[in-house]
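For reference, the structure is listed below as C-alpha cells.
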Amino acid sequence: MAAILEVRDLTKHVRDAWTMRRTCILDGLDLTLEEGELFGLVGHNGAGKTTTFKLLLGFLRPTRGTVRFRGRPLDAAARAAIGFLPEQPYFYDYLTVEETLVFYAHLHGLRGAACRARVEELLALVRLEPKRRARLRTLSKGALQRVGIAQALVNRPRLAILDEPMSGLDPAGRHAMRELIRSLRRDGTTVVFSSHVLPDAEALCSRVGILARGRLRDVVDVRRDADPHAYLLAVRHVTAETLATLAAVAKAAPVAEGETWRVRVPGGDAVHAALDAVRRARATIESLTPVHASLEERFLAHVPDEGMLD
C-alpha cells in the first residue's frame with residue numbers, strides 16, 4: 001500500500017516565557033501511515049498527542065523534522081485534503097446543525113446545489129437529520145461530537161485526524177462513534193485518532209502508536225502482533241511426572257480445566273522441551289497457541305502508573 005503520510009524526526013521544543021528553560025514536547029517522531037489505514041495514538045496526559053496533530057496540520061512549526069503528505073510537503077494544497085476534529089471544538093452555539101454545516105461548506109468553497117447536497121450527505125452519515133434545525137447549545141455531548149466529525153469531513157478528506165473523538169461520551173455515544181469511524185475507513189478515508197481509552201483503540205485500529213513523554217515508544221500491530229516469548233500449551237492424558245516436567249520447563253504450575261491441563265510456556269527452547277516431554281509420555285497435545293500481548297500490557301510496559309500523571 002502507498003504511504004499517505006510520512007513523518008521523519010518530527011521534534012518540537014518550547015521555551016518557558018519566564019525561566020527561558022527549553023522543554024521538549026515531541027522528540028524525533030518517525031511514522032508512516034498507509035492509505036486506508038485506521039491508526040490510533042495513545043498516551044498519558046501531556047504525552048504530546050495534541051502537539052503531534054498540530055504539527056501534522058501545520059498549526060505549529062517544528063523545531064526540526066519533516067512531514068510529507070502523499071509524497072509532497074505539507075503545503076496549503078496538502079492541508080486542503082485533510083480533515084480535523086480538535087479535542088474541544090468550538091462552535092457558534094446559536095447556529096443550528098444545518099447552518100453550522102453550511103457555514104463549513106462555504107469555507108471549503110461549496111455553494112448552491114453542491115453545498116446543499118454535501119450537507120444532506122453529512123447529516124445522513126452522522127445520523128443527525130432529526131436534529132438538523134436544533135441549535136447547537138441544545139445538543140448532547142455525543143451529538144456535538146458528531147457535528148464535529150461532520151465538519152471534519154466536509155471536504156471529503158483523504159486523511160481525517162480526530163483528537164479524542166470519544167472523550168466524555170457515554171457507552172451508547174462511544175458505540176455510535178466507533179461505528180462512525182469504521183464507516184470512514186470503509187469509504188476509503190485514512191483515519192488517525194488519539195484516545196485515552198485503550199479498548200477503543202484496540203477494537204478499531206490496525207496499528208496503535210504508544211506515545212510517552214514526547215517519544216513514540218512502540219507501534220503495535222493489533223491484528224498480527226503476538227508475544228513471541230510465550231505460548232499456551234494444552235494437553236490431556238498426562239501423568240503426574242509429565243506435569244512436574246512441564247512445571248519445571250515453564251516455571252509455572254499447569255492448571256487443570258476438566259481433563260485438560262494448560263500451562264504458559266516461554267518461547268524458544270522451552271517450547272521444544274515441553275513438547276518433547278509430552279511426546280515421550282505419549283500424551284495428547286490439544287493445542288499450542290501463541291499468546292498475544294494485550295494493548296494494555298504493551299502500553300503499561302512503556303507508561304507505568306506514575307506516567308499517567310500530568
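Can you name the condition, by its number, that Gly188 falls short on among (1) within 22 Å of Tyr92 (Cα to Cα); (2) exposed (fewer than 15 other Cβ atoms within 10 Å of the Cβ)?
Against the list (1) within 22 Å of Tyr92 (Cα to Cα); (2) exposed (fewer than 15 other Cβ atoms within 10 Å of the Cβ), Gly188 comes up short only on (1).
Please determine, by comparing only the residues of the range 154-177 that are free of Cβ contacts under 8 Å to residues at least 40 places away in the same chain and among the charged types (D, E, K, R), which one is surrounded by the fewest Cβ atoms within 10 Å (Cβ to Cβ).
Here the residue is Asp170.
Give, as residue ranges, the strands (runs of 3 or more DSSP E) completely inside the range 1-92 that count at least 2 residues that are under 28 Å from Leu198 (Cα atoms) and among the small types (Gly, Ala, Ser).
Fully inside the range 1-92 and qualifying: 38-43.
Within the range 235-264, which residues are closer than 15 Å to Arg279 by Cα and surrounded by fewer than 12 Cβ atoms within 10 Å (Cβ to Cβ)?
Scanning the range 235-264 gives Thr239, Ala240, Glu241.
Of the numbered conditions (1) under 24 Å from Val220 (Cα atoms); (2) in contact with a Pro (Cβ under 8 Å, 6 or more places away or on another chain), Gly83 satisfies every one except a single condition; which is it?
(1)
When you check Arg178 against the structure, is it farther than 30 Å from Ala3 by Cα, part of a helix (DSSP H, G or I) and either within 17 Å of the chain's Cα centre (by Cα) or charged (D, E, K, R) (or both), yes or no?
no
Six or more apart or on different chains, Cβ under 6 Å: which pairs go from a residue in the range 118-138 that's within 12 Å of Gln151 (Cβ to Cβ) to one that's among the aromatic types (Phe, Trp, Tyr) and assigned to a loop (DSSP other than H, G, I, E, B)? Could you list them?
Leu136/Phe91
Taking the range 112-150 as the search range and keeping residues that are over 18 Å from Gly83 (Cα atoms) and under 22 Å from the mean Cα position of the chain (by Cα), which one is surrounded by the fewest Cβ atoms within 10 Å (Cβ to Cβ)?
Here the residue is Lys141.
Of these, Ala252, Ala244, Ala270, Ala248, which one is assigned to a loop (DSSP other than H, G, I, E, B), at pLDDT 85 or above and of a type in the set (Gly, Ala, Ser)?
Exactly one of Ala252, Ala244, Ala270, Ala248 is assigned to a loop (DSSP other than H, G, I, E, B), at pLDDT 85 or above and of a type in the set (Gly, Ala, Ser), namely Ala252.
Go through Leu85, Leu41, Leu74, Leu55 for me and flag whichever is over 23 Å from Thr23 (Cα atoms) and either surrounded by 21 or more Cβ atoms within 10 Å (Cβ to Cβ) or modelled with pLDDT of 95 or more (or both).
Matching residue, one of Leu85, Leu41, Leu74, Leu55: Leu85.
Just to be sure, is Leu139 hydrophobic (A, V, I, L, M, F, W, C) and in contact with a Leu (Cβ under 6 Å, 6 or more places away or on another chain)?
Taking the combined requirement at face value, the residue does not satisfy it.
A quick yes/no check of all residues on (1) more than 21 Å from Phe39 (Cα to Cα); (2) in contact with a strand residue (DSSP E or B) (Cβ under 8 Å, 6 or more places away or on another chain); (3) of a type in the set (A, V, I, L, M, F, W, C):
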position: Arg70; (1), (2), (3): no, yes, no
position: Thr96; (1), (2), (3): yes, yes, no
position: Glu99; (1), (2), (3): yes, no, no
position: Tyr104; (1), (2), (3): yes, no, no
position: His108; (1), (2), (3): yes, no, no
position: Ala113; (1), (2), (3): yes, no, yes
position: Arg118; (1), (2), (3): yes, no, no
position: Ala134; (1), (2), (3): yes, yes, yes
position: Ala143; (1), (2), (3): yes, no, yes
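The values are calculated or read from the model by the stated rules, or taken from the named source; none is laboratory data. Predicted, not measured: the structure shown is a model, and the values here were computed from it. Ideal geometry is used to build each Cβ from the backbone, glycine not excepted, and the neighbour counts take in all protein chains shown.
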